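Below is one structure, written out as structure tokens; the observations come after it.
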Amino acid sequence: MKFAITSDTHLASRYPFSTDAHPLKDVFFRTSYSGISQVIKYAEDHRCPILHGADWFDSEIARSPELHATTMLFSRIQQRGIPMFINLGNHEIDYKEGIPSVLRSVCNPFLPIIQTPEINQEWDVKKCEDLNIYMIPYCPEKIFMDRLKRLCQSKIKKPAILMIHQNMKGIPLGKVRSMEGMGEKEIAAIVKENFKLLICGHLHFGRQSSQYGMNIVIPGSTCGIDFKDVGSRKVFYVAEFNDSYDLTSCNPVLIKNQITFIECQIDAAEAFAQKDKRMDNVFLKVHSPVDKDCSFIEKRFMELGAVGVVIDRKKKNVEPDLSSYDRPLHMSTDDWLRKHLVDKIYDEEEREGILEMHSSIEWGKK
Ligand SMILES: [Mn+2]
């Protein structure tokens, strides 16, 4: 039996205005949508279920573009009979347990083909053929440690795999290592007697290991959202199990044509502008005070290979106001966007797919 394993889609609209996002202009939407589309396309072509390690959405406040895209993708896989199991991450429960998640509500009409864990239980278990899929929704690290121990001391239905969404200390994140959470070795020691595979979402760099006697897959995110992501490749994994549900192979599949969308404050952008690091396929959205001259940042990032730079002079989390939006000169018109940005980052098939989706949505008309 074969599974496509992915995580951290972070589907969201962010640019230029979250609330009236247009997929052709919205670089973040495009890149998050493109990542999950490639996973779903693979699962459809190979007729395999999808295991999603959580953070489907980028925020617990989902907006209409991501809701439309989600329901469209869900109905497609439902029609084709592709089961999907999605854990709940910190972006779906906003760190507070017991709060109904937008994702769970969106999944409800697609039961039983798309399943998420109950959030008022410590863990939940779903079935895919004979395999038991245990899921622990995201919880603060201290709670997680006790919860994991309790789960492993309980009677586990076998064969089983476990999906979690946590930090894991010591895991490489680009050039640095994760500093928080339980260590990989410690987790492996607790779970290895009970589970054939552990899937851990939340960490954005794809990785697989079996060094502590436990098969662990960290699918990573499908789109880059941080300076750490610059130059890194995004993947999903394909895992194959034999008839006894032992893992026989697990291979990464490259996600193509992704943009790293970085949203940051001006000081972070200035620090990176000083370095000589290439910024190919990076789109930068910088928050800056109204009176600050940002022309150096724009010029420098374009020199380093960025596909676009936009300066946002609003305060964060303030309702967007079209009149106050200050676009840099090189992005002054829709024509410019279409000619220099859209054509550069979308391939033809993708452009048609997204245009088709856009035309079926009727933004704001219904
Ligand atoms: Mn997360």
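What the table below lists for this structure:
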read-out	value
Only one of Leu67, Leu103 that is touching a residue at least 12 places away in the same chain (Cβ under 8 Å), over 23 Å from Asn132 (Cα atoms) and in the same structural domain as Ser34 (by TED's automatic domain parsing)	Leu67
Where Ser101 falls short, out of the listed (1) within 16 Å of the ligand (Cβ to nearest atom); (2) modelled with pLDDT of 95 or more; (3) touching a helix residue (DSSP H, G or I) at 6+ places or on another chain (Cβ under 8 Å)	(2)
Every residue from segment 138-180 that is surrounded by fewer than 17 Cβ atoms within 10 Å (Cβ to Cβ), within 16 Å of the ligand (Cβ to nearest atom) and assigned to a helix (DSSP H, G or I)	Glu141, Ile143
Criterion violated by Gln121 - all others in (1) under 30 Å from Lys149 (Cα atoms); (2) over 14 Å from the mean Cα position of the chain (by Cα); (3) buried (at least 22 other Cβ atoms within 10 Å of the Cβ) satisfied	(3)
Every residue from segment 189-202 that is crowded, with 19+ Cβ neighbours inside 10 Å and without any contact (Cβ under 8 Å) to a residue 40 or more places away in the chain	Leu198
Residue ID - surrounded by the fewest Cβ atoms within 10 Å (Cβ to Cβ), chosen from residues in segment 203-240 that are among the β-branched types (Val, Ile, Thr) and within 16 Å of the ligand (Cβ to nearest atom)	Ile225
Residue count, segment 259-284 (criterion: of a type in the set (Asp, Glu) and on the phi > 0 side of the Ramachandran plot)	0
Per-region count, segment 222-250, residues closer than 29 Å to Phe195 by Cα and either assigned to a loop (DSSP other than H, G, I, E, B) or in contact (Cβ under 8 Å) with a residue 40 or more places away in the chain (or both)	17
Selection status of Tyr237, farther than 13 Å from Leu51 by Cβ and aromatic (Phe, Trp, Tyr)	no
Counted residues, segment 116-137 - those being within 16 Å of the ligand (Cβ to nearest atom) and not in a loop (DSSP other than H, G, I, E, B)	1
Of all residues in segment 60-71 being under 16 Å from Asp26 (Cβ atoms) and surrounded by fewer than 17 Cβ atoms within 10 Å (Cβ to Cβ), the one that is modelled with the lowest pLDDT	Ser64
Evaluation of Thr116 against (1) closer than 21 Å to Pro219 by Cα; (2) out of contact with any Ser or Thr (no Cβ under 8 Å at 6 or more places or on another chain) (one fails), failing number	(2)
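The values are calculated or read from the model by the stated rules, or taken from the named source; none is laboratory data. Just so we're clear, the structure is a prediction, and the values are computed from it rather than from any experiment. Neighbour counts are summed over all protein chains in view; Cβ atoms, including those assigned to glycine, are modelled from backbone coordinates with ideal geometry.
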